[in-house]
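*Asks:* Dropping the structure in here first, questions after.
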Amino acid sequence: MSKRPPDWIGWRLFGPRLPDSTQQCLTCAKALTYNNTTANFKKHLEKKHKALWDELQREEAPLAKKARVFHILAPDQPSLGDFFDPIKAAERSEANKRLVALLEKDTVRFICADLRPYSAVEGPFGSHVLPAFSGFHESIAPLRPHFHIFLGDGYKSVMQRGRPLLPQRLFDRHHAKLLVETAARQIDDMNKKLYMQLAAGYASWTTDIWTGLGQKEMCGLTAHFIPPDWSTGPQRVTLDLFYFPESHTGENLCAKLRERANLVGLPYRMTTDSGANVLLAARLFLGREGPPSLTFSPSLIPRREAIKCIDHLLDKMLKTAFKIPAVEALFERQQTTIKFFRKSNKANTRLFQAQVELHAATPNPFDAFHAIVGIGVRCFLSSTSLPALSLIFCSRLLTSR
Amino acid sequence: VKLLLAGKTRWAAIVDQNERFVRLKPALVGDNGVLQQLINDDDIDEAKKLPFDFSSSDWAVMQQVVDILSPFRAAIRELEGDYYPTLPLVLKHVYTLNDFVGNRLGAVNRQRGAGINERVATLLHHLRAGLGDIIDSLPQEAYFASLLDPRFLDSFIPQPMRETLWADLDAFINEMWSLDNTAGAAVEREESSGDEPALAAPPIAGAATEHAAAVRTARGRAEAPPTAGKKSYKEMIAEKINARSRLQAAVRPYRELVTIDAHLSASDWWRANRNVYPKHANAARRLLAIPATSAPCERLFSTGGRILEKRRASLSPESVRDIVLVHDNLNLLDRVVLDDFLYDD
């Protein structure tokens with residue numbers, strides 16, 4: 001195996017070196033063999049991908065020989081060094097920009113789909129030290145093979161792999177936050193546009209107030225509508241989830257609802273829980289600006305009221321059903337017993353053993369198998385490992401047939 | 001299987017708790033039940049003070065409560081759904097539950113002498129009263145939504161109310177119709193303008209072509225010369241469908257429809273028939289979109305709660321909103337352009 005010139009900029013248009021010392025062209029997937037010289041690679045580029053090769057040379061040639069050290073800077077603090085920085089230069093080339101954009105979308109998807117903290121994109125040492133590995137970037141790197149994650153001791157090692165470095169901003173939590181904000185703003189715009197196109201005047205809203213951790217009081221607002229051509233069933237759009245620190249009176253909430261209605265138009269009706277303040281807000285809101293009121297059968301509740309969430313009503317009824325004197329004592333005892341079992345590990349183990357014995361005693365093959373995997377299920381349950389659980393269920397299904 | 005403790009926030013969680021407890025009865029009591037073991041065992045002192053002595057009548061009550069309340073839980077789960085009309089289901093579930101409780105109560109009263117537990121009867125009475133209150137407070141939209149859902153129509157509405165409700169519904173849809181046509185719902189008007197005169201006039205053979213031509217000119221789509229001989233396949237099909245649906249409408253007014261199968265989708269039916277009953281479709285588009293529960297909102301909060309976990313308690317509300325928005329619309333993320341205005345160099 002001969003040593004290849006590491007600094008040759010053409011390498012970034014080829015894939016990694018394979019064991020039989022061939023490398024694949026990233027543009028046309030042709031495999032070329034390295035025989036002591038880069039001549040055949042150069043020839044391939046000049047013949048087949050002239051434009052790309054010229055662009056690369058124009059951008060990289062003056063910089064490649066220079067600065068061997070790169071600076072780690074926050075993205076909003078450019079310095080004179082940036083203009084000579086080979087990494088920034090690499091970023092500037094069009095192809096790289098596209099790939100970085102893909103990676104940034106991955107970041108947003110990772111943070112929002114899996115609900116990870118922004119800091120998860122940073123390495124274990126924090127961004128100010130070095131672009132250290134983060135679990136996230138390490139795991140997507142094999143999926144985006146054009147990039148090279150690198151622990152950074154100079155430009156040389158970058159070019160040895162012949163591929164550009166991940167920009168520092170991908171390892172920065174503030175940048176990740178900025179990305180999520182941008183994505184959220186655009187999605188919000190899209191949602192509102194969709195709503196205005198398809199729902200105007202036909203939508204209903206639901207709203208509720210929620211106190212999250214750290215006394216964060218937030219108000220949620222969703223809209224539901226059916227498109228004019230009935231091409232789908234009811235659609236849901238998240239209108240807003242806004243901070244609501246004022247006192248939760250009906251008037252305050254109504255004012256907030258008006259603000260939203262000014263942006264997207266009025267809803268037809270609203271669905272809320274049975275809280276007096278929310279009901280009042282809905283009555284004020286729908287009463288002044290809603291469609292004109294008609295009362296039909298006098299036995300029915302007139303319009304302009306919010307529709308009370310039926311599940312809240314049913315659930316409240318069930319809860320009070322357990323509180324009536326006839327059964328209250330019984331269910332309190334049940335609850336005390338359950339609480340005891342939740343506290344006492346010993347009692348819980350006993351309960352589990354008793355179940356295994358019971359299952360082992362019954363001749364039903366399905367149950368017997370359940371008892372055997374029961375131990376496994378318990379282990380997995382305690383570590384809340386869902387994939388493993390689903391595996392067990394699948395195997396159970398297979399064996400029962 | 002572990003014992004389950006009812007959370008405060010999940011709907012009908014107490015039913016789950018009770019069901020799990022009853023399910024574990026063989027392990028808890030019985031020949032060598034865990035409860036007995038715990039009382040006999042000297043290791044766990046605390047167990048001695050606990051009220052473990054469930055009598056057989058206690059277990060019987062718990063078992064019956066499971067039977068009585070699981071339909072309630074099923075109803076709650078179906079009503080909290082997304083992406084299908086839920087308001088028409090309210091009537092179905094509430095009245096079915098009411099009948100169910102009534103039947104159980106009747107059965108209990110008949111067997112009162114035969115050792116049926118008083119406590120269950122009290123519980124049933126309570127549920128009956130509760131359902132009565134809920135039925136009294138049902139909004140008129142729930143009734144109208146049921147009438148406008150071809151799966152139910154008036155099948156769950158008590159007989160004496162049906163006549164007035166159908167009359168009310170007619171008033172309601174006319175009101176909605178005039179509201180839209182004066183307030184200028186452009187989309188709706190364009191869609192239904194072709195069908196309104198057709199409903200008024202009885203279907204005459206040959207009127208279909210004239211009508212189609214009129215519509216075409218009215219909509220400003222007269223680029224294709226409207227010669228009778230040369231019609232595109234699409235137009236011919238459309239006319240056939242139009243003629244047939246008009247015939248249908250003339251034969252069968254909305255009120256005399258027969259319910260369709262309960263497992264079919266109401267929105268599919270309306271998609272096919274929206275031009276047959278334009279006024280009804282117009283009102284149905286509003287009513288069937290109303291969610292019966294505030295579950296969608298609660299779902300937002302549950303996502304928010306997962307974001308605002310202990311270690312991220314100081315996250316700003318705006319960030320929570322952003323993450324929830326993207327989380328709920330991951331399918332739109334492909335259309336987002338991230339780098340265009342972030343790095344202008």
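*Asks:* Quick one: grab the alpha carbon gyration tensor of segment B:122-166, order the square roots of its eigenvalues as a ≥ b ≥ c, and give me rounded if a/c is under 1.5, else prolate or oblate depending on whether a/b is larger than b/c.
*Replies:* Prolate, since a/c reaches 1.5 and a/b exceeds b/c.
*Asks:* Counting heavy atoms of the protein chains only and a 1.4 Å probe, report the per residue accessible area for segment A:178-278 as a whole number of Å².
*Replies:* Values: 3480 Å² over 101 residues.
Here the per-residue accessible area is 34 Å².
*Asks:* Follow-up. What's the total accessible area buried between chains B and A, using a 1.4 Å probe, rounded to the nearest 100 Å²?
*Replies:* So the buried area, both faces added, is about 11700 Å².
*Asks:* Roughly how many percent of the accessible protein surface of segment B:109-179 is carbon and sulfur, given a 1.4 Å probe and a whole-percent answer?
*Replies:* That share works out to 53 percent.
*Asks:* Here's another thing I want to ask about it. Compute the length gained on full extension between A:T249 and A:E332: take 0.36 nm times their separation in residues and subtract their Cα-Cα distance, giving the result in nm to one decimal. Present the calculation step by step, with values, prior to reporting the outcome.
*Replies:* Values: separation 83, 0.36 × 83 = 29.88 nm, distance 3.52 nm.
Going from the current span to full extension adds 26.4 nm.
*Asks:* B:Q36 to B:D67: FRET efficiency via 1/(1 + (r/R0)^6), r the Cβ-Cβ distance, R0 22 Å, to the nearest 0.05?
*Replies:* Approximately 0.25, to the nearest 0.05.
*Asks:* Take the Cβ-Cβ distance between B:E78 and A:T349 as r, set R0 to 35 Å, and report the resulting FRET efficiency rounded to the nearest 0.05.
*Replies:* Details: r = 38 Å, r/R0 = 1.07.
The computed FRET efficiency comes out at 0.40.
*Asks:* How far apart, in nm, are the 7 Å Cα→Cβ label points at B:K25 and A:S231?
*Replies:* 5.4
*Asks:* I would also like to ask the following. For B:A60 paired with B:K310, estimate the spin-label separation in nm (one decimal), with each label point 7 Å from Cα along the Cα-to-Cβ line.
*Replies:* Here the answer is 4.6 nm between the modelled labels.
*Asks:* Right, here's the next one. Put a dot 7 Å past each Cα toward the Cβ at B:D99 and A:A101; how far apart are the dots in nm?
*Replies:* Roughly 5.9 nm, to one decimal.
*Asks:* I've got another one for you. Which whole-Hz ³J(HN,Hα) couplings does segment A:317-334 yield from phi under the Karplus relation 6.51 cos²θ - 1.76 cosθ + 1.60, θ = phi - 60°, glycine and proline marked x?
*Replies:* Along segment A:317-334, the couplings run 5, 5, 4, 5, 4, 7, 9, 5, x, 4, 10, 4, 4, 4, 6, 5, 5, 4 Hz.
*Asks:* Rounded to the nearest 0.05, what FRET efficiency do B:D133 and B:K2 give with R0 = 35 Å and r taken as the Cβ-Cβ distance? Could you check?
*Replies:* After rounding, the FRET efficiency stands at 0.45.
*Asks:* Name all residues of segment B:292-314 having a backbone nitrogen under 15 Å from the label point set 7 Å from the Cα of A:Q215 along its Cα→Cβ direction, giving them as ranges.
*Replies:* The answer is B:314.
*Asks:* In whole Å, what is the distance between the alpha-carbon centres of segment A:234-277 and segment B:93-157?
*Replies:* Cα centroid of segment A:234-277 versus Cα centroid of segment B:93-157: 33 Å apart.
*Asks:* Taking amide H positions as placed 1.01 Å from N in the peptide plane, with prolines and chain starts having none, which residues 5 or more places from A:C25, or on another chain, fall under 5 Å of its amide H?
*Replies:* For A:C25, whose amide H was placed from the backbone, the distant partners under 5 Å are A:G15, A:K30, A:A31, A:L32.
The values are calculated or read from the model by the stated rules, or taken from the named source; none is laboratory data. Since the structure is predicted, the reported quantities are computational estimates derived from the model, not experimental observations. No Cβ is skipped: glycine too gets one built from the backbone with ideal geometry, and neighbour counts run over all protein chains shown. Heavy atoms of the whole protein, side chains included, go into the accessibility calculation; ligands, DNA and RNA do not. Shrake-Rupley method; radii C 1.70, N 1.55, O 1.52, S 1.80 Å.
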